[in-house]
Amino acid sequence: MEGKVLKKRVNRFLKVFPWYSGLTGDLLFYIAIDTLFLTIVKNFSPAQIVSIASFSQLICIALQFPVLFIIKRIGNTASIRMGAFFLLMSAVFITFGKSYYLVLLGRVFHDVAAIFRNASIVALENNLDLIDKRGDFVRLRTSGNTVYALITMLIAFVASFMFNLDHYLPMIGCITTCALGFVLSLFMKDCSDYNKISYKNKSNTNIKIRYNKIIIIAIVLYAFFYSLVTSGQSEGKLFIQQNILLDFDVEMTSLIIGAIICVSRIIRVISNIIFEKLYKKYQDKMGIVLPTFLASSVGFMLFGSFIPEIIVKIIVMGVGYTIILFIRDPFKLYIQDVVFESTGKEQHQTLLTLLEFGVKIATAGTGLAFSAILIGSPMIVVIAIMFAMSIIEIILSIILYRSILIGKEQNRIMNKN
């Protein structure tokens, strides 16, 4: 490929990437009213709502490596488009599905789409290397997260009003944004030779992942961190919703939940804007700070529920929910950068899949356990278990931090010799 044409295609990818990442980061509009939509429109119980995510994760665990095989066969470019298309199908099935199983199918499309969309991250790194701008990886990933945070922040201001006007109106917005994301995916191309990677490299030697201590701990830490983040956003919001419904009607509860989400989205925007600077300054220490924030967020929701004054209760629990949104994007970027820096380029697609595979196993396991608990116990029991798990996360993060420091010191000694 000629130099000018290559540079033009790479620059087009880099310009589109933040917008594609923002529009396909999740089911926009739906995530702002998901528990209300499933509770009020679909008439699902708390146990059913939790079980949808759990069963979907189990299905996607079985599909994880077959999908990885497909990604390697069709390449990053086609996978980016496939991911956007599956997300669109997810929005359609969740919106118009008349039964529990059709909504579950929609959630499966959503989770499979996430596997395919990982190809955009690998393609970003590949394209940056082509023009010698690998140092822009964190900046562009942060830009994509910022676009997503800004869009969801704006949506949060109107989603509750849209829901009260017509329960299906936010879902129409969800389908529209998914369609726009699919259109943008058509303009994205991995221009590198790593677009398609077989299980063997050019010398016909099998590509193997070096599972050193850093990689193993990073996978485990990432898996449980995001299973807790996912539970915190879903079960946490449902827990807050249940507490508010004790004192307010559905319309007022919708507005209060919407206000909490609005604030959390504003905080998420701020988080993405400042994270690049914080990461450059503190880098490895962020791996300890972010899990500590996770424990504090669950703690605020748990202990806030015991406060008798309803206004203070809403504020404290809302702060807990907001912290989850503050840490979600930075931790993902942190772990991905740690893994990428510790391995070769040909291993990155597989490692991203392993990271998400770990999340799905952890999420499915905790989700099924939480579903079983909710059959005979109140939601507060689940939140208490989440708090205990978040403390374990802090311990794992300290172990990872020490392993990274030891690894850097060993590399420094080797380079010196």
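From 289, 250, 229, which residue is among the aliphatic types (A, V, I, L, M), open to solvent by 10 Å² or more (accessible area, probe 1.4 Å) and closer than 30 Å to residue 408 by Cα?
Being among the aliphatic types (A, V, I, L, M), open to solvent by 10 Å² or more (accessible area, probe 1.4 Å) and closer than 30 Å to residue 408 by Cα holds for just one of 289, 250, 229, which is 289.
Limited to the range 39-51, what total is found for residues that are open to solvent by 10 Å² or more (accessible area, probe 1.4 Å) and part of a helix (DSSP H, G or I)?
Of the residues in that region, 8 qualify.
So how many residues does the range 155-186 have that are in contact (Cβ under 8 Å) with a residue 24 or more places away in the chain and in a loop (DSSP other than H, G, I, E, B)?
3
Give all pairs with beta carbons closer than 9 Å in which a residue from the range 19-31 that is within 13 Å of residue 184 (Cα to Cα) meets a residue that is assigned to a loop (DSSP other than H, G, I, E, B) and open to solvent by less than 30 Å² (accessible area, probe 1.4 Å); count only pairs at least 6 apart in sequence or on separate chains.
20/188; 22/28
Every residue, every condition in (1) of a type in the set (Asp, Glu); (2) at pLDDT below 80; (3) in a helix (DSSP H, G or I), yes or no:
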position: 188; (1), (2), (3): no, no, no
position: 198; (1), (2), (3): no, yes, no
position: 235; (1), (2), (3): yes, no, yes
position: 253; (1), (2), (3): no, no, yes
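In the list 154, 130, which residue meets the criterion of being in contact with a helix residue (DSSP H, G or I) (Cβ under 6 Å, 6 or more places away or on another chain) and either aliphatic (A, V, I, L, M) or farther than 30 Å from residue 51 by Cβ (or both)?
130
How many residues, within the range 12-30, are buried (at least 21 other Cβ atoms within 10 Å of the Cβ) and of a type in the set (A, V, I, L, M)?
Count: 3.
Out of (1) more than 18 Å from the chain's Cα centre (by Cα); (2) more than 16 Å from residue 357 (Cβ to Cβ), what's the single condition that is false for residue 72?
Here residue 72 clears every test but (2).
Answer yes or no as to whether residue 332 is open to solvent by 10 Å² or more (accessible area, probe 1.4 Å), among the basic types (Lys, Arg) and more than 17 Å from the chain's Cα centre (by Cα).
no
Quick check: anything in the range 304-324 at pLDDT below 85 and of a type in the set (Phe, Trp, Tyr)?
Within the range 304-324 (the criterion being at pLDDT below 85 and of a type in the set (Phe, Trp, Tyr)), the answer is no, since none of the residues qualifies.
State whether one or more residues within the range 301-312 are charged (D, E, K, R), open to solvent by 10 Å² or more (accessible area, probe 1.4 Å) and either in contact with a Phe, Trp or Tyr (Cβ under 9 Å, 6 or more places away or on another chain) or touching a residue at least 60 places away in the same chain (Cβ under 8 Å) (or both). Outline the logic, then answer.
Applying the first criterion (charged (D, E, K, R)) to the range 301-312 yields 309.
Within this subset, residues satisfying the condition of being open to solvent by 10 Å² or more (accessible area, probe 1.4 Å) are 309.
Now restrict to residues that are either in contact with a Phe, Trp or Tyr (Cβ under 9 Å, 6 or more places away or on another chain) or touching a residue at least 60 places away in the same chain (Cβ under 8 Å) (or both): none.
There is no residue in the range 301-312 that is charged (D, E, K, R), open to solvent by 10 Å² or more (accessible area, probe 1.4 Å) and either in contact with a Phe, Trp or Tyr (Cβ under 9 Å, 6 or more places away or on another chain) or touching a residue at least 60 places away in the same chain (Cβ under 8 Å) (or both).
When you check residue 281 against the structure, is it over 23 Å from the mean Cα position of the chain (by Cα), farther than 16 Å from residue 380 by Cα and either among the acidic types (Asp, Glu) or assigned to a helix (DSSP H, G or I) (or both), yes or no?
Taking the combined requirement at face value, the residue satisfies it.
What about residue 106, is it of a type outside the set (Val, Ile, Thr), surrounded by 21 or more Cβ atoms within 10 Å (Cβ to Cβ) and free of Cβ contacts under 8 Å to residues at least 24 places away in the same chain?
Details: of a type outside the set (Val, Ile, Thr): yes; surrounded by 21 or more Cβ atoms within 10 Å (Cβ to Cβ): yes; free of Cβ contacts under 8 Å to residues at least 24 places away in the same chain: yes.
So residue 106 passes the test.
Could you check how many residues of the range 396-414 are under 22 Å from the mean Cα position of the chain (by Cα) and of a type in the set (A, V, I, L, M, F, W, C)?
2
Quick check, is residue 375 in a helix (DSSP H, G or I), at pLDDT 90 or above and touching a helix residue (DSSP H, G or I) at 6+ places or on another chain (Cβ under 6 Å)?
Criteria not met by residue 375.
Out of 151, 155, 172, which single residue is loosely packed, with under 15 Cβ neighbours inside 10 Å and within 27 Å of residue 259 (Cβ to Cβ)?
Residue meeting the stated conditions: 172.
Residue 343: surrounded by fewer than 20 Cβ atoms within 10 Å (Cβ to Cβ) and within 30 Å of residue 75 (Cα to Cα), yes or no?
The answer is yes for residue 343.
If you go through the range 262-272 one residue at a time, do you hit one that is within 26 Å of the chain's Cα centre (by Cα), farther than 25 Å from residue 221 by Cα and not β-branched (Val, Ile, Thr)?
Looking for residues that are within 26 Å of the chain's Cα centre (by Cα), farther than 25 Å from residue 221 by Cα and not β-branched (Val, Ile, Thr), one finds at least one in the range 262-272, hence yes.
The values are calculated or read from the model by the stated rules, or taken from the named source; none is laboratory data. In this text, all values refer to a predicted model and were calculated from it rather than measured experimentally. Neighbour counts are summed over all protein chains in view; Cβ atoms, including those assigned to glycine, are modelled from backbone coordinates with ideal geometry. The area values use the complete protein model at the heavy-atom level, side chains included, leaving out ligands, DNA and RNA. Shrake-Rupley method; radii C 1.70, N 1.55, O 1.52, S 1.80 Å.
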